[in-house]
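Each remark here refers to the structure printed beneath this line.
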Amino acid sequence: MTVDAGERFVGPMPMDLFLSDFVPKAPKKRPKKKFVFAHSSVSQNEDQFIQAIEASGLCPQLKFINTTSQQDGPFRLKPDISIYSGTRSDDHATARSESQKSLNWKAINLWVENKNHDDDIFRDLEKMKEEEKEDRDLESHIEWTQSSYRICGQLVAYASALHRSQFRVFSFSIVLFGDTGRLLRWDRSGVIYTEPFNWTTKHDTLFEFIWRLNFLSDVDRGFDTTVTSAEDDEAEAALSKLRTYQGLENVERTDLHKFIVYDDRPMDESPRSYITPSAIWPTEALFGRSTFGYIAYDVTSTNLVYLKDFWRTDYPGIQKEGDVYRELHDAEVPNIAALGRAGDVPLSPQHANTVPLDAQRTKTQDYVKGGVLGREWCPGRPRVDPYVHYRLVLETLGQPLNTFRSTRQLCEVIRDAIVAHTVAFERAGILYRDVSAGNILISGEGSGMLIDWDLSKKVIKDVDEEPRQHSRTGTWQFISIERLREPRFRPHQVSDDLESFFWVLLYQLAKCRSVRNTDLSEEIQAVFDQHTGLDRDGIVRGGSGKLACLRDTYLDRITIYDLVRTPCRAIFEELRSLFRDLYIHVARHTNLSSDAQLMLTAEREQDPRVREAREKLRSSEWILSIISRHLASRWDVDDDGSLHKTELRPDPSASKQRRKCKAADSDDGMTFNQRRKGRLPPSSTKPSRDTRAMQGNRSSFTSAKVGQNSAHRRSRSLRPNAPNGTRSSSSSKLRYTDGL
C-alpha cells in the first residue's frame with residue numbers, strides 16, 4: 001500500500017501555482033504581526049509553534065491542536081498537529097477536541113506532520129529528470145529508504161483516515177521537514193506535492209496558505225456539500241423505516257446523513273434526497289473507485305433502496321454504470337436490480353443546473369506530463385487516473401449470498417446470476433467481468449440477482465480482441481486460473497466469468513458449511529489467496545492453489561462430502577471435472593523453462609478433453625443444464641443453509657487479530673521498493689508496522705456486502721460540525737480493473 005501511494009505522487013509543483021490553482025486569495029490582506037518562534041524545527045516544539053501561530057493573527061477562524069500524544073479510537077493514528085474550524089459554537093466535536101486535546105478525524109479540516117530536516121521523502125527534481133531520460137517508466141517520486149517507507153505510510157494513513165471519516169472530494173495537509181516544508185493536496189486519483197520551501201526564513205509561503213484557509217468555502221476546502229444532516233421530521237420517518245431492515249434494528253438518529261442524488265437523464269426532474277445510516281459496504285481505499293454502499297430511505301417514495309456512492313473512471317469509451325443498467329433493462333435482462341436514479345455528483349447543490357454539469361472530479365491527473373495541465377516540473381509517469389464522483393440508486397434490495405437458507409437455494413441463486421450474465425451478453429453484448437460472492441445477492445423472494453455492473457464492458461461477440469491493458473479485471477479470489485497465470489495475451493472472456501461462478505460456489509460451501517470443528521482456513525487461503533511475488537515482467541501471478549483444488553489436493557471430494565450431502569455436491573463435482581479437463585497439461589508453477597512450457601502447450605492444444613471443455617465453455621448452456629438437471633432431482637435436505645450468516649452492524653468487540661493484511665515483503669523475497677499497486681492479492685500473513693498503522697487496529701467480521709473481513713465501526717462526517725455517529729465499516733476483496 002505504501003509503495004502504491006509512492007506511484008501516485010505528482011510534483012514538485014511550484015508554490016505559486018499551487019496557491020493560484022487550489023487556494024483562492026483571501027478577501028483582505030494578511031496581518032503584519034510578527035511571527036516569533038525560536039526553533040528551527042516544529043518537531044517536539046508543537047506547543048510553541050501553535051502559540052506563535054495564534055499570536056500572529058494568521059488563523060482567526062482556525063484552531064491548531066497539538067495531537068502528538070493523542071490517538072483517535074478507530075484508527076490509532078496521531079498526526080502532530082490537527083487543524084479544526086474554530087468559528088462554529090455548535091461544533092461539538094471541535095469543542096471536545098479543544099477541551100480535551102483529543103483527536104477527532106470527523107472534525108479535522110487538515111493535519112500537519114513534523115519531521116526532521118533529513119526526513120524529506122521526495123526525490124530531487126533534477127535527478128528525476130536525469131533518470132527519466134534513461135528510464136521512461138519512472139513512476140515513484142519517493143526516495144525509498146526504510147525511513148521514507150515509514151513516513152510515506154504515515155502520511156497515507158492520515159489522509160485515508162480523514163477521507164474515511166468525512167464526506168470529502170479532496171483535502172489539504174502540511175508536512176514540515178525541519179526548516180523546510182511542503183503542501184499536499186489529496187484526492188481519489190493521487191497526491192499533488194509542492195516544491196520545498198524554507199518556512200523559517202521565508203514566512204510568506206506557509207503563512208499565505210494558512211491565511212487563505214480561513215476564508216475558503218466548504219467546497220474550496222474539499223467538503224462534499226451534497227451530503228447534509230437530515231432534518232428532524234425526515235430523520236424520524238427514516239428511522240422507523242430503516243429499523244425494519246435486518247441488521248439495522250438499532251440504528252440511531254446520530255447515524256443519519258442525507259444524500260442528494262441527481263439523475264443524468266435530461267428529461268428528469270429535480271434531485272431526490274435519500275437518508276442513510278453508516279455504510280454497510282465501506283471501503284478502506286484512499287485512491288481509486290472508493291465505493292460506499294448504503295441502505296437508504298427514499299424521502300420521496302418512503303421506500304428503502306440501495307445507494308451506491310463511488311468514483312467512476314473517467315476515460316472515453318467507459319460506460320457509466322447507470323447507463324449499463326438502462327441498457328440491460330431495455331434488453332429485458334432478468335435477475336438484475338431495478339434502477340432508480342444515477343448520475344454524476346455536482347460540485348455543490350448550486351452547480352446542479354450547469355450545462356455541462358460541473359461535477360466533482362479529481363484533479364491530480366491533470367498535472368502529470370501529457371495531462372491537461374501537465375508541466376515539466378512533474379517528470380515520469382505517476383500512475384494516476386481520472387475519476388468522477390457518481391451515485392446510483394437501486395430500488396431492489398437483497399441479502400448477501402452467504403445468508404442462503406439451503407444449498408438448494410445457493411445453487412438456484414447462482415443459476416439465476418448465470419442467467420443474468422448470459423442474457424446480458426447475448427442480447428446487449430455486455431460482458432460482466434467481475435463475478436464474485438459479493439456481487440450476487442438473494443432477493444426478498446429468494447431468487448438471485450447479479451449486481452455491480454461498473455466493471456462490465458461492451459464487447460463484440462465472436463471477435464477476438466487484444467487486451468487494452470496488461471492487467472486483470474475482477475476480484476482476486478474468483479478470477480479464472482488462466483487470467484491469474486497470465487493477464488497479458490488475451491482479453492477477459494465469457495469462459496473466465498463462468499469459471500468465476502464455479503469458484504463462488506466452492507467459496508460459499510467451504511466458508512459457510514464447515515461444521516464439527518472443521519478448520520478449512522488454511523486450505524481456503526491456499527486455493528483463493530495464493531500468489532507469487534512480483535516477477536521480472538512486473539506481474540504477480542496466481543492460480544496454483546486453484547489448480548491443486550481441481551486436482552483434488554485442496555478441498556477434495558471427501559472434504560466436500562463432509563460439507564454438503566445434497567445434489568449440490570454433484571453439481572460442484574461435475575463442474576470441477578469440467579475445469580480439471582480445461583487445465584490438463586497446465587503446470588502448477590509458472591517458472592518453467594521455455595522448452596517445457598512449449599511442450600505442455602502443444603500437449604494441451606492436442607488433447608481432445610481440453611478442446612471439449614473449451615467448447616462447453618463458449619456459452620453457459622452446458623453449465624446451466626448441469627444445475628437445472630440436479631435441481632430437478634430429489635433433495636432430501638432443505639435446512640442445510642449457511643452457518644456463518646452476515647451481520648450488517650457487527651459487535652465492535654469482535655476479535656482484532658483477524659485483520660485483512662497485505663502480503664508481507666519477506667514472504668516472496670521482494671523488497672518494498674519492488675512492489676507495485678493493483679497487482680498483489682490479499683494475504684493473511686502478519687502485516688508490517690506501517691500496514692498496521694495504515695489499517696488501524698480494526699475488528700473483523702463477515703461483511704454484509706462481500707462476506708469478507710471488515711474494519712472498525714465508523715461513519716463519515718459531513719464537515720467539521722457534523723454530529724457523532726455509530727461507526728461501521730467493512731472491506732471488500734481486492735478488485736482488479738484494467739480501466740477499460
Query raised in the report: Does Phe215 satisfy being among the hydrophobic types (A, V, I, L, M, F, W, C), at pLDDT below 95 and open to solvent by 10 Å² or more (accessible area, probe 1.4 Å)?
Result: yes
Report summary line: Contact list, first residue from the range 570-599 and closer than 13 Å to Arg614 by Cα, second anywhere and open to solvent by less than 20 Å² (accessible area, probe 1.4 Å) and assigned to a loop (DSSP other than H, G, I, E, B), beta-carbon distance below 6 Å, six or more apart or interchain, is Ile584/Asp607
Query raised in the report: Can you name the number of the only condition in (1) more than 29 Å from Arg569 (Cα to Cα); (2) modelled with pLDDT under 95; (3) assigned to a helix (DSSP H, G or I) that Arg427 fails?
Result: (2)
Requested in this report: Answer yes or no: is there a residue in the range 133-152 that is in a helix (DSSP H, G or I), aromatic (Phe, Trp, Tyr) and open to solvent by 10 Å² or more (accessible area, probe 1.4 Å).
Outcome: yes
Query raised in the report: Of the residues that make up the range 205-227, is at least one of a type outside the set (Gly, Ala, Ser), without any contact (Cβ under 8 Å) to a residue 40 or more places away in the chain and farther than 25 Å from Ser273 by Cα?
Result: yes
Report summary line: In the range 81-115, residues that are of a type outside the set (Lys, Arg), modelled with pLDDT of 80 or more and touching a strand residue (DSSP E or B) at 6+ places or on another chain (Cβ under 7 Å) total 14
Report task. Might you check whether a residue that is open to solvent by 10 Å² or more (accessible area, probe 1.4 Å), under 24 Å from Tyr158 (Cβ atoms) and at pLDDT below 95 occurs anywhere in the range 264-276? Result -> no
Query raised in the report: Can you pull out the residues in the range 226-246 that are open to solvent by 20 Å² or more (accessible area, probe 1.4 Å) and in a loop (DSSP other than H, G, I, E, B)?
Result: Ser229, Glu231, Arg243, Thr244, Tyr245, Gln246
Query raised in the report: For the range 581-609, how many residues meet the condition of being assigned to a helix (DSSP H, G or I), at pLDDT below 95 and among the aliphatic types (A, V, I, L, M)?
Result: 5
Requested in this report: Looking only at the range 524-547, decide whether some residue is more than 23 Å from Asp639 (Cα to Cα), β-branched (Val, Ile, Thr) and assigned to a helix (DSSP H, G or I).
Outcome: yes
Query - Condition met for Ser594 (more than 19 Å from Phe478 (Cα to Cα) and either in contact with a helix residue (DSSP H, G or I) (Cβ under 6 Å, 6 or more places away or on another chain) or exposed (fewer than 13 other Cβ atoms within 10 Å of the Cβ) (or both)) - result: yes
Query raised in the report: Is at least one residue of the range 490-512 open to solvent by 20 Å² or more (accessible area, probe 1.4 Å) and of a type in the set (Ser, Thr, Tyr)?
Result: yes
Query raised in the report: In the range 344-368, how many are part of a helix (DSSP H, G or I), polar (S, T, N, Q) and modelled with pLDDT of 90 or more?
Result: 2
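Residue by residue, here is whether (1) hydroxyl-bearing (Ser, Thr, Tyr); (2) at pLDDT below 90; (3) not in a loop (DSSP other than H, G, I, E, B) holds:
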| position | (1), (2), (3) |
| --- | --- |
| Thr283 | yes, yes, no |
| Tyr294 | yes, no, yes |
| Glu332 | no, no, no |
| Asn335 | no, no, no |
Query raised in the report: Which residues, counting only those in the range 180-199, are open to solvent by less than 10 Å² (accessible area, probe 1.4 Å), touching a residue at least 24 places away in the same chain (Cβ under 8 Å) and over 26 Å from the mean Cα position of the chain (by Cα)?
Result: Gly181, Thr194
Requested in this report: Identify, from the list Phe292, Phe259, Phe287, the residue that is in contact with a Phe, Trp or Tyr (Cβ under 8 Å, 6 or more places away or on another chain), in contact (Cβ under 8 Å) with a residue 12 or more places away in the chain, among the aromatic types (Phe, Trp, Tyr) and buried (at least 22 other Cβ atoms within 10 Å of the Cβ).
Outcome: Phe259
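Rundown of residues vs (1) modelled with pLDDT under 95; (2) among the aromatic types (Phe, Trp, Tyr); (3) in a loop (DSSP other than H, G, I, E, B), yes/no style:
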site: Ile460; (1), (2), (3): yes, no, yes
site: Glu466; (1), (2), (3): yes, no, yes
site: Leu484; (1), (2), (3): yes, no, no
site: Arg490; (1), (2), (3): yes, no, yes
site: Ser495; (1), (2), (3): no, no, no
site: Val504; (1), (2), (3): no, no, no
Requested in this report: For residues that are of a type outside the set (S, T, N, Q) and over 25 Å from the mean Cα position of the chain (by Cα), scanning just the range 435-450, find the one that is surrounded by the fewest Cβ atoms within 10 Å (Cβ to Cβ).
Outcome: Glu445
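The values are calculated or read from the model by the stated rules, or taken from the named source; none is laboratory data. Source: prediction; values computed, not measured. Heads up, the Cβs are rebuilt from the backbone with ideal geometry, glycines too, and the neighbour counts pull from every protein chain shown. Remember, those area values only see protein heavy atoms, side chains included, never the ligands or the DNA or RNA. Shrake-Rupley method; radii C 1.70, N 1.55, O 1.52, S 1.80 Å.
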